[in-house]
């Protein structure tokens, strides 16, 4: 009951400040940008490149699998940046402005407060990510050749966990600092650190959630879920749960 | 040049353009309704209208004062 | 049975003690003013009672039947500078915080309408809070503190940021509120405390230096104020008056001498005697009962 009150308030807020419109659009744009530019690049060069008469540049077009992965790549960089930017004020912003004094002077449990806010952000991000992926898939099919729906769903399923993981990291950092800008900076730093550690100690960290993007690639090419993929997903889920528990405990024991 | 424009498959690009226009309109509506922005409003109006794609996004992320 | 019992409550920030060893009880149905100059630790004390800040030492006990549940259910709190979700309407915000305190949507809606009418915001309930004026926000702040019918309402400096009209309105609201709940409000302005409170907690540099009902306190500080107007002030008057034992403090303002004395009867007798002896030309002799202002100054300055 209390949980759904907070959850609904967050949804309403994200609707009134147009996040429900612009975040999906940003994911759509960054999802289809790469496939479209890749497709048109040779034609653009040939028309405006001032090449001698008769000469033509042929750039090999990527296979459809590769084209879809371009979108995943964008979501791994720009997407992560957007996620951090819209999540960095989720709790820190309320603590800093002082609204939290009016909210948390009610018998609001910290578990409800954090998980409802987390869930509303996850819903926004997942919806945007899925819509973006569908657009990307549609364009890849038109421009580069057939890609099955199961390949698309597999990619969404696997990479969705990374998206949720990034939201959760940012929510966690929200409970550490009061300044949203600092929250954003530290969250990005943590994501970069996870990537770095994973690539340096790759042999020992096959299950790191940061590997989810390479598992998406593997799945899209082979169509098979391997044990390593499941393990990585499992680690992501455990990580998300632990970070949420930690966030709740930190906020509970903090001066507000 | 005209030939090149004819070559472009407008069915492909139309959705992209429509989406961009929606984004821009929503940003402008929000800019009009909002009380205060970080930085002058007119500057954001210019950015939203003239900076392709990135303008409205920048506005939503940096321009809105919560 | 006391509503709240505070024992040895202390709070330190970075080793600096801002609240020192407070002991007091709040009786149900009373309106209590937490009085003290700026920086006395009023806000810190209220924030500890509201559960935002954990005491370094000591305990806060609510009466037994409420112990088992989250005490915030019974508390309404208004911070000194309340901040709202500006994108919500006044009614939406009240309904939101009401539902957070486990009211049903319907119940919260009815209560919100009722409260908005009471604080005079009935006609702007559908307007976004971002468009409210400062005074309107303060009144909305009081409404949100009352929203879930708490038994204890705590208000941090509820009138200090308001203009005289707004101040009047809020003080009247407080008077009405007394019928429904126990009120604890902080202020650094004596008049406000004097006007609406039954009891006073006087804080100075984190310490509770006085606690009691207004009557009891004014009895304890039996200082009286004497005002003498002279046709022309004799040169030796100040010196003579100052040498009297009953006189605690003396101020001269042109032809008027204001005396704070610790025994009104004795002072009156002695003064009249001296005036007759010296043949002072006194045009006015007034014994003013000690007001809280003097008590406040005396307590804070001693």
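Nothing in this text is a laboratory measurement; each read-out follows from the coordinates by a stated rule. These figures come from a predicted structure and were not determined experimentally. Glycine also receives a Cβ, built like all others from the backbone with ideal geometry; neighbour counts cover every protein chain displayed.
Report Rg/Rh for the protein assembly as shown, rounded to two decimals, where Rg is the Cα radius of gyration and Rh the Kirkwood radius. Looking at the protein assembly as shown, the ratio lands at 1.16. Averaged over peptide A:105-115, the number of partner chain Cβ atoms lying within 10 Å of each residue's Cβ comes to 5. Stokes-Einstein diffusion for segment A:84-132, with the hydrodynamic radius set to the Kirkwood value over Cα pairs and evaluated at 37 °C in a medium of 0.692 mPa s, equals 275 µm²/s. Ranked by the mean number of other Cβ atoms within 10 Å per residue, highest first, peptides C:278-288, C:227-237 order as C:227-237, C:278-288.
Quick check: the distance between the Cα centres of segment C:60-136 and segment A:211-256, to the nearest angstrom? Cα centroid of segment C:60-136 versus Cα centroid of segment A:211-256: 38 Å apart. Counting Cβ atoms of other protein chains within 10 Å of each Cβ in C:86-93 and taking the mean gives 3.
Suppose the Debye formula is applied to equal point scatterers at every Cα of segment C:191-262; what is log10 I(q)/I(0) at q = 0.14, 0.15 Å⁻¹? Relative scattering, expressed as log10 I(q)/I(0), comes to -0.63, -0.68.
State the dimensionless ratio Rg/Rh of segment C:9-145 (Rg: radius of gyration of Cα atoms; Rh: Kirkwood radius). Here the Rg-to-Rh quotient is 1.02.
Once Rh is set to the Kirkwood radius over Cα pairs, what Stokes-Einstein translational diffusion coefficient, in µm²/s, holds for segment A:2-252 at a temperature of 4 °C and a viscosity of 1.567 mPa s? Result for D is 66 µm²/s.
Of A:136, A:232, the sequence from fewest to most neighbouring Cβ atoms within 10 angstrom is A:232, A:136.
Largest mean-square fluctuation among A:163, A:70, A:225, in a Gaussian network model of chain A whose springs join Cα atoms under 10 Å apart, belongs to A:225.
On the principal axes of its alpha carbon atoms, chain C extends 79, 44, 36 Å, with the longest extent given first. Note on chain A: with a GNM built from Cα contacts shorter than 10 Å, the maximum mean-square fluctuation among A:182, A:193, A:244 falls on A:193.
Rg over Rh for segment C:176-227 works out to 1.01, using Cα positions for both radii and the Kirkwood form for Rh. The mean number of partner chain beta-carbon atoms within 10 angstrom of a residue's beta-carbon across peptide A:8-14 is 3. Please determine, in degrees from 0 to 90 and to the nearest 10, the orientation of helix A:212-222 with respect to the longest principal axis defined by the Cα atoms of chain A, where the helix direction is its Cα long axis. Between helix and principal axis, roughly 40 degrees.
In terms of its C-alpha gyration tensor, segment C:13-66 comes out oblate, because a/c is 1.5 or above while a/b does not outweigh b/c. Roughly how tilted is helix C:164-177, in degrees to the nearest 10 and between 0 and 90, from the longest Cα axis of chain C? Its long axis makes an angle of about 70 degrees. Computed across segment A:96-187, the Kirkwood radius stands at 15.7 Å (inverse of mean 1/r, all Cα pairs).
Below 8 Å between Cα atoms, with a sequence gap of 6+, how large is the relative contact order for segment C:4-213 in percent? Value for segment C:4-213: 32 percent. Just to be sure I understand: with springs between alpha-carbon atoms less than 10 Å apart, which residue in C:108, C:33, C:264 has the highest mean-square fluctuation in the Gaussian network model of chain C? Result for chain C, Cα springs under 10 Å: C:264 fluctuates most. Both numbers refer to the Cα atoms of segment A:143-246; Rg and Dmax are 15.3, 49 Å. The equivalent ellipsoid that matches the C-alpha gyration tensor of segment A:1-105 spans semi-axes of 46, 13, 11 angstrom, in descending order.
Normalising by residue count, segment B:16-63 has a Cα convex hull of 57 Å³ per residue.
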